[in-house]
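Everything below concerns the one structure shown next.
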Amino acid sequence: MSKNDHLNPVSSSRTRRKVHWEGVYRDKSPLEVSWYQIEPQTSLELIDLALQDNPEGGILDVGGGASVLVDRLLSRGWQDISVLDLAGNALAYTKERLGAEVIRATQDHH
């Protein structure tokens, strides 16, 4: 955090959240966090329902980090997938796991 963060509470809050989530994925593997799902079945069902199984539609996975949702979507033929997360090291797990299949992985720099 910068010495002027107290002047901008929104920036300060974002910085604290980013530091928190970076720490979570620094100290634990994705398999060790309580919210990890081996199969994101509910998310897949909701996406299929909302987008009527149209793999040409775009998907933005906000807070997707190290989730395997992007893997499952790619295996179902989805192509335009973006994953956004505060924790760059969470996204690094996904990039490493997917290798050349990564379409887009973005770290929020705010």
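Throughout, read-outs are computed from the coordinates displayed, never taken from laboratory work. This is a predicted model, so every value here is computed, not measured. Backbone-built Cβ (ideal geometry, glycine too); neighbour counts: all protein chains shown.
Laid out as a table, the results:
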| item | result |
| --- | --- |
| In sequence order, calculated HN-Hα J values of region 65-73 (Karplus, 6.51, -1.76, 1.60; Hz; x Gly/Pro) | x, 9, 4, 8, 4, 4, 4, 5, 5 |
| For Ser82, residues with placed amide H under 5 Å, excluding near neighbours | Ile59, Leu60, Asp61 |
| Förster radius 41 Å - calculated FRET efficiency between Glu22 and Leu46 (Cβ-Cβ, nearest 0.05) | 0.90 |
| Restricting region 12-64 to GluC sites (Glu not before Pro) in coil, as DSSP defines it, with at most 13 other Cβ within 10 Å | Glu56 |
| Gained length - Leu31 relative to Glu96, 0.36 nm times residue gap less alpha-carbon distance | 21.9 nm |
| From phi via Karplus (6.51, -1.76, 1.60), per-residue ³J(HN,Hα) for region 19-33 in Hz, x at Gly/Pro | 4, 4, 5, 4, x, 4, 7, 7, 8, 9, 7, x, 6, 8, 8 |
| Length added when fully stretched, Ser13-Asp80, from 0.36 nm per residue minus Cα-Cα | 21.1 nm |
| Sites matching chymotrypsin sites (Phe, Trp or Tyr not before Pro) across region 12-63 that sit in DSSP coil, with at most 14 neighbouring C-beta atoms within 10 Å | Trp35 |
